[in-house]
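Asks: Take this structure first; my questions come after.
The values are calculated or read from the model by the stated rules, or taken from the named source; none is laboratory data. Quantities reported herein were computed from a predicted structural model and do not represent experimental measurements. Don't worry about glycine lacking a Cβ; one is built from the backbone with ideal geometry, like all the others, and counts go over all protein chains shown. For the accessible areas, the whole protein counts, side chains as well, though only heavy atoms, and no ligand, DNA or RNA atoms are used. Shrake-Rupley method; radii C 1.70, N 1.55, O 1.52, S 1.80 Å.
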Amino acid sequence: MDFPRVKIGLTGVVQKTIEKEDTALAIGSGALKTLFATPALVAMMIEASVKAVDPLLLEGFITVGKAIDITHEKPTCQGMTVTVKSVLKAIDGNKLTFELTAYDEVGIIGKGYHERHIVSQKGILQKAEERRKLLESGMAKAL
């Protein structure tokens with residue numbers, strides 16, 4: 001399927017003031033009570049990528065995350081503002097690759113890449129249901 005409105009250079013931006021629930025201690029990613037957590041940074045990066053593309057897709061299509069590779073380079077204190085910019089850098093069929101940059105008022109705090117795939121929402125929900133039925137039937141493979 002062709003997605004004519006999805007083009008290299010599409011950009012999504014999200015911004016938020018870091019609150020207690022965004023800290024490493026609150027999220028469970030460490031003991032730092034007042035510093036921005038890496039999982040919260042990842043969530044913002046994913047949100048910015050979704051914002052860049054999903055509103056332009058045909059009805060019934062969404063993007064789903066496949067891979068993410070980031071570095072969280074600098075600490076950000078609770079009360080500071082974090083901005084994340086996601087730029088669509090590559091398109092290969094339904095595979096989209098985004099370049100990510102995060103910064104606070106002082107400068108860059110993180111960078112990375114995120115891969116998303118355009119899929120049929122109905123199709124992915126059907127696949128998930130099939131997996132659930134395998135579990136219920138006892139046909140799920142043991143790890």
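Asks: With the structure loaded, tell me whether Ser86 is modelled with pLDDT of 95 or more, under 16 Å from the mean Cα position of the chain (by Cα) and small (Gly, Ala, Ser) or whether it fails that test. Give the derivation first.
Replies: Values: modelled with pLDDT of 95 or more: yes; under 16 Å from the mean Cα position of the chain (by Cα): yes; small (Gly, Ala, Ser): yes.
Judged against the criteria, Ser86 is a match.
Asks: Among the numbered criteria (1) within 25 Å of Phe3 (Cα to Cα); (2) hydrophobic (A, V, I, L, M, F, W, C); (3) free of Cβ contacts under 8 Å to residues at least 12 places away in the same chain, which single criterion is violated by Leu134?
Replies: (1)
Asks: Of all the residues that make up segment 99-143, how many are of a type in the set (Phe, Trp, Tyr) and either open to solvent by 100 Å² or more (accessible area, probe 1.4 Å) or touching a Lys or Arg at 6+ places or on another chain (Cβ under 7 Å) (or both)? Reasoning before the result, please.
Replies: At the first step, the residues of segment 99-143 found to be of a type in the set (Phe, Trp, Tyr) are 103, 113.
Filter again for either open to solvent by 100 Å² or more (accessible area, probe 1.4 Å) or touching a Lys or Arg at 6+ places or on another chain (Cβ under 7 Å) (or both), leaving 113.
Residues meeting the conditions: 1.
Asks: Restricting to segment 63-78, give me the number of residues that are open to solvent by less than 50 Å² (accessible area, probe 1.4 Å) and over 13 Å from the mean Cα position of the chain (by Cα).
Replies: So the answer is 1.
Asks: How many residues are surrounded by 16 or more Cβ atoms within 10 Å (Cβ to Cβ) and touching a His at 6+ places or on another chain (Cβ under 9 Å) when one looks only at segment 79-93?
Replies: Residues meeting the conditions: 1.
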